[in-house]
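The values are calculated or read from the model by the stated rules, or taken from the named source; none is laboratory data. Predicted model, so just to flag it, every value in this text is computed and none were measured. Please note: Cβ atoms are built from the backbone with ideal geometry, for glycine as well, and neighbour counts cover all protein chains shown. Ligands, DNA and RNA are stripped out before the accessible areas are found, and what is left, the full protein with its side chains, is counted by its heavy atoms. Shrake-Rupley method; radii C 1.70, N 1.55, O 1.52, S 1.80 Å.
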Amino acid sequence: MKRNMMLGALMGLSSLGLTANVLAADAVPAEQVMAPQVNAALAKAVASEFRTAENKLRDKYRHPAETLAFFDIKPEQTVIELWPGGGWYAEILAPYLAEKGQYVAANFETKPAADTKQTAYFKSAGLRFEKWVSDNKASVGNVQFVTLDPPAKFSLGKDNSADHVLTFRNLHNWAMKGELEGVFKAAHDVLKVGGSFGVVEHRANVGMAAESGYMDENQMVELAKKYGFELTASSEVNANPKDSKDYPKGVWTLPPRLAMGDQDKQKYIDIGESDRMTLKFTKTAAK
């Protein structure tokens, strides 16, 4: 099975512009952190009444306390979240970091140069997030913003300035547009040596295309290595063995999107949200 996964990863490397003679047999390390210690401040942020009830309902799929503990996010650190979207994780991270640390939102482009359906969507979502931050300043503190708008804007801030860069279920979006390598490079550039790039993403079966919304785990490990990261730990905290990944509308068939509408709706609700890889990449040296 592992050999098949490796071969599938090799077949897909060219689509990401990667070259490799062989995938290391230990590409995903044996060490897996299943139940990391959740500190009191993080537990408080996750349980806070500041979070919406609707968002809390999804904790059973997303395990935010365990996930952020696995990434070793401390309240005094500088943390950049890529494309926070509707603010599901920002609702936890920004208050958690508000007093001693710094939350940085790598937001959508809110001043697009072109007027297209996609730029209009990003602008609207980005402005909503900015308003949410402004409306909740007492809870989220002094949130900083950078714009992540590949391929025009990749910079996440001053080189070697962040303790962590986090991305939740975004890799497929950049992969579908050929922009994934630039994101990995940008994450590496902004991180301090010893800092980490935390990735949660829908995990593909062998041979699946990024258009499905799922990504190959070994490919992501190889891409991270290309840009100077080491995979230091992986976790199955966000795994879902019920996810067969063979749906009419890809990962969006499952909750929360439920892209099939009422067709087989209960079936997909019973499966739950997607099977996800949870990977911690560490910047071991400047590149």
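Annotations
- Distant-in-sequence amide H partners of residue 78 (H built 1.01 Å from N, under 5 Å): 102, 163, 164
- Cα-Cα P(r), the stretch 117-259, percent of pairs per 10 Å interval: 10, 34, 36, 19, 1
- Long-range HN-HN contacts of residue 239 with modeled amide H, under 5 Å: 276
- Per residue accessible area in Å² of the stretch 93-215, where ligands, DNA and RNA are left out and the probe is 1.4 Å: 45 Å²
- Expressed as a fraction of 2.2 N^0.38 Å, the C-alpha radius of gyration for the stretch 40-159 is 1.08.
- Distant-in-sequence amide H partners of residue 208 (H built 1.01 Å from N, under 5 Å): none
- For the stretch 176-191, 3J(HN,Hα) per residue [Karplus equation, 6.51 cos²θ - 1.76 cosθ + 1.60, θ = phi - 60°, Hz, x = Gly/Pro]: 5, 10, x, 10, 5, 4, x, 5, 4, 5, 4, 4, 5, 4, 7, 6
- Gyration tensor (Cα) of the chain, equivalent ellipsoid semi-axes in angstrom: 27, 23, 21
- Look at where the Cα atoms of the stretch 223-279 and of the stretch 102-155 average out, and the two centres are 25 Å apart.
- Nearest-0.05 FRET efficiency for residue 115 and residue 142, computed from C-beta distance (R0 35 Å): 0.65
- Counting only Cβ charges, +1 for Lys and Arg and -1 for Asp and Glu, the dipole size of the chain around its Cα centre is about 240 debye.
- Coupling constants for the stretch 244-254 follow from the phi torsions by the Karplus curve (6.51 cos²θ - 1.76 cosθ + 1.60, θ = phi - 60°), and in residue order they are 7, 6, 10, 9, x, 10, x, 5, 6, 5, 7 Hz; glycine and proline get x.
- The stretch 78-128 shape via C-alpha gyration tensor axes, a/c threshold 1.5: prolate
- Across the chain, the mean sequence separation of Cα contacts (distance under 8 Å, 6 or more residues apart), normalised by length, yields a relative contact order of 20 percent.
- Of the solvent-accessible surface of the stretch 148-287, computed with a 1.4 Å probe and all protein chains present, 48% belongs to carbon and sulfur.
- Karplus-derived 3J(HN,Hα) values for the stretch 38-48, using 6.51 cos²θ - 1.76 cosθ + 1.60 with θ = phi - 60°, are 9, 6, 5, 5, 5, 4, 5, 5, 5, 7, 4 Hz; glycine and proline are entered as x.
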